[in-house]
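Asks: The structure follows.
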Amino acid sequence: TKRVAILISGGGSNMLALLRDMAAGDHPARAVLVASNDPAAAGLARAAAMGVAVAAVDHRPFGKDRAAFERALLEPLLAAAPDILCLAGFMRVLTPGFVDRFAGRMLNIHPSLLPKYPGLHTHQRALEAGDAEAGCTVHEVTPVLDDGTILGQARVPVLPGDTAESLAARVLQQEHRLYPAVLRRFAAGDRTPLFL
Ligand code: GAR
């Protein structure tokens with residue numbers, strides 16, 4: 001079975017969806033670590049409650065020195081020896097040096113239909129553009145932000161009266177379906193994109 005580490009920054013609802021699917025059995029991967037750049041991230045307690053090892057590496061003492069933060073983050077990460085690294089609501093930009101270590105085995109979930117709306121405020125941007133559809137994307141991580149081969153996408157309608165919050169909630173429900181499904185396939189060596 002493949003070893004999976006997950007990086008989070010917040011509530012970790014996507015992380016939870018991944019952990020639940022891996023714990024359900026008949027899965028080609030298992031979770032070996034959940035790590036966060038925010039020691040207060042609610043997802044850390046949720047992962048620990050599921051019996052998964054957790055680590056917190058606060059990015060703030062490192063200031064603008066991303067490489068130094070990443071060296072500290074690599075300590076628990078390399079000790080856990082993951083085959084696959086999943087970003088799940090991880091809100092720090094990673095340097096090419098870090099990304100290259102996990103080339104071809106790092107996934108991210110992003111709340112837009114990439115290549116539309118890389119970066120932040122994706123739902124607000126979709127609403128302002130008058131899009132009829134929104135969604136989420138799981139992709140391989142490369143040194144370019146929110147770039148990399150698309151491994152799966154799920155779409156939702158934009159409804160009349162939607163706010164960024166209501167749209168985000170509708171997309172998040174699909175994230176919880178998409179990410180576990182893509183990780184299952186990826187861990188089994190299947191990189192053909194999944195469209196839900
Ligand atoms: C999710 O919507 C995820 O797609 C997004 O943050 C949320 C995290 O929620 N990720 C990004 O915006 C990455 N730049 P969660 O902590 O409940 O999974």
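Asks: D for the stretch 28-100, whole µm²/s, Stokes-Einstein with Kirkwood Rh over alpha-carbon pairs at 4 °C and 1.567 mPa s: what number?
Replies: The calculation lands on 100 µm²/s.
Asks: Quick one: give the max-minus-min coordinate of the C-alpha atoms of the stretch 5-62 along each principal axis, largest first, in Å.
Replies: Answer, in whole Å and largest first: 41, 16, 16 Å.
Asks: For GLU128 and ASP83, calculate 0.36 nm times their separation in residues minus their Cα-Cα distance, and state this gained length in nm to one decimal.
Replies: 12.3 nm
Asks: Which value, in debye to the nearest 20, describes the size of the charge dipole of the chain about its Cα centre when Lys and Arg Cβ atoms bear +1, Asp and Glu Cβ atoms bear -1, and nothing else is charged?
Replies: 380
Asks: If you don't mind, there's one more thing I want to ask. First compute the accessible area of the chain with a 1.4 Å probe, then give the percent of it belonging to carbon and sulfur atoms.
Replies: 56
Asks: Using Stokes-Einstein with the Kirkwood hydrodynamic radius over Cα pairs, what translational diffusion coefficient do you get for the stretch 1-152 at 10 °C and a viscosity of 1.306 mPa s, in µm²/s rounded to a whole number?
Replies: 99
Asks: Sticking with this structure for a sec: Be a star and scan the stretch 97-133 for residues whose amide nitrogen sits under 19 Å from the point 7 Å along the Cα-to-Cβ vector of ARG177.
Replies: Of the residues in the stretch 97-133, 109-114, 132-133 have backbone N under 19 Å from the label point off ARG177.
Asks: Ignoring ligands and nucleic acids, what accessible area does GLU75 show with a 1.4 Å probe (Å², nearest 10)?
Replies: 140
Asks: Could I ask something else about it? Ordered by packing density, taken as the mean number of other Cβ atoms within 10 Å over each peptide's residues, highest first, how do 90-97, 107-114 rank?
Replies: 107-114, 90-97
Asks: Let me ask something else about it. In whole angstrom, note down how far apart the Cα centers of the stretch 115-140 and the stretch 59-98 are.
Replies: 25
Asks: Taking the chain as the reference, fit the longest principal axis to its C-alpha atoms, fit the long axis of helix 164-187 to the helix C-alpha atoms, and give the angle between the two in degrees, 0 to 90, nearest 10.
Replies: Once rounded, one gets 50 degrees.
Asks: Could you give the dipole magnitude of the stretch 16-91 about its Cα centre, charging the beta-carbon of Lys and Arg +1 and that of Asp and Glu -1, in debye to the nearest 20?
Replies: Taking the Cα centre of the stretch 16-91 as origin, the dipole is about 140 debye.
Asks: Continuing with this model, one more query. Normalised by the residues of the chain, what does the relative contact order come to in percent, with Cα pairs under 8 Å and at least six apart?
Replies: Once normalised by length, the contact order is 20 percent.
Asks: Now, a different point. Taking only protein heavy atoms and a 1.4 Å probe, what accessible area per residue, in Å², does the chain have with all protein chains in place?
Replies: Here the residues of the chain average 46 Å² of exposed surface.
Asks: Note the angle between two axes, namely the Cα long axis of helix 13-23 and the longest principal axis of the Cα atoms of the chain, as a number of degrees from 0 to 90, rounded to the nearest 10.
Replies: Tilt of helix 13-23: around 60 degrees.
The values are calculated or read from the model by the stated rules, or taken from the named source; none is laboratory data. For clarity, every value in this text was computed on a predicted model and none was experimentally measured. All Cβ positions, glycine included, derive from the backbone under ideal geometry; neighbour counts span all protein chains shown. In case anyone asks, the SASA skips ligands and DNA or RNA and just uses the protein heavy atoms, side chains included. Shrake-Rupley method; radii C 1.70, N 1.55, O 1.52, S 1.80 Å.
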